[in-house]
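Inspection log for the structure reproduced underneath, given as structure tokens.
The values are calculated or read from the model by the stated rules, or taken from the named source; none is laboratory data. This is a predicted model, so every value here is computed, not measured. Glycine gets a Cβ as well: all are built from the backbone with ideal geometry, and neighbour counts include every protein chain shown. What goes into the accessible areas is simple: the full protein's heavy atoms, side chains included, and nothing from ligands, DNA or RNA. Shrake-Rupley method; radii C 1.70, N 1.55, O 1.52, S 1.80 Å.
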Amino acid sequence: ILRGRYILLAEDIEINREIAITLLQSTGVKIDCAENGEQALIMFTENEDKYDLILMDVQMPSMDGLEATRRIRALGTERARSIPIIAMTANVFKEDIAACEAAGMVDHIGKPIDVDELISKAVEYAGRGKAD
């Protein structure tokens with residue numbers, strides 16, 4: 001169901017990127033990686049229509065995931081307002097989840113990443129992306 005879909009994965013820790021890619025590759029999805037929020041913002045801005053979903057780590061250097069999400073939403077384009085952005089964070093207290101939602105994220109995935117949760121949320125949200 002994800003074949004032909006594109007995910008932008010923003011994650012500063014290489015092993016976490018590798019784990020997410022390994023877990024998702026069986027779905028046929030294509031993944032571009034950003035090592036921080038600033039890079040994710042640039043990659044999205046340069047090619048908004050490419051991505052169906054953004055998986056955004058919350059705690060990253062240079063620009064964290066909350067700020068990157070706020071800046072993506074502030075771009076003002078239809079795609080910037082509508083693209084699903086899912087937080088990936090070890091912080092899953094109510095106030096952490098509320099901060100993610102306030103920044104413009106639509107959901108969250110706890111760390112360590114659960115394979116079933118990652119795939120089910122990727123399918124749920126990437127399926128809402130642009131038409132084939």
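Okay, here's what the table says:
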{"quantity": "Long-range HN-HN contacts of Ala34 with modeled amide H, under 5 Å", "calculated": "Leu9, Ala10, Glu11"}
{"quantity": "Portion, in percent, of the accessible area of the range 13-69 that falls on carbon or sulfur, probe 1.4 Å", "calculated": "47"}
{"quantity": "Cut-off under 5 Å, modelled amide H: who pairs with Gly127 long-range", "calculated": "none"}
{"quantity": "Net lengthening on full extension, Arg79/Glu124 (0.36 nm per residue, minus Cα-Cα)", "calculated": "14.5 nm"}
{"quantity": "Integer Hz, Karplus 6.51/-1.76/1.60 couplings in order for the range 111-127, x for Gly and Pro", "calculated": "10, x, 5, 8, 4, 5, 5, 4, 5, 5, 6, 5, 5, 4, 8, 5, x"}
{"quantity": "Residue-averaged 222 nm ellipticity for the chain, from DSSP H runs of 4+ at -39500 (n - 2.57), nearest 500", "calculated": "-12500 deg cm²/dmol"}
{"quantity": "Full-extension gain in nm, Lys50 to Gln25, via 0.36 nm per residue minus C-alpha separation", "calculated": "7.2 nm"}
{"quantity": "Top positive-direction residue, dipole computed over the chain with Cβ charges, set Met63, Ile113, Gly28", "calculated": "Gly28"}
{"quantity": "HN-Hα J in Hz across the range 10-19 - Karplus 6.51, -1.76, 1.60, θ = phi - 60°, x for Gly and Pro", "calculated": "9, 7, 7, 9, 4, 5, 5, 4, 4, 4"}
{"quantity": "Spatially close lysines, pair count over the chain: Cα under 24 Å, gap of eight or more or interchain", "calculated": "10"}
{"quantity": "Probe 1.4 Å, all protein chains present, accessible-area order of Leu2, Leu75, largest first", "calculated": "Leu75, Leu2"}
{"quantity": "The chain: relative contact order as a whole-number percent, Cα under 8 Å and 6+ apart", "calculated": "26"}
{"quantity": "Other-chain or far-sequence residues with amide H under 5 Å of Ile109's (modelled H)", "calculated": "Ala87, Met88, Thr89"}
{"quantity": "Listed peptides 40-52, 111-123 by packing density, highest first (mean Cβ within 10 Å)", "calculated": "40-52, 111-123"}
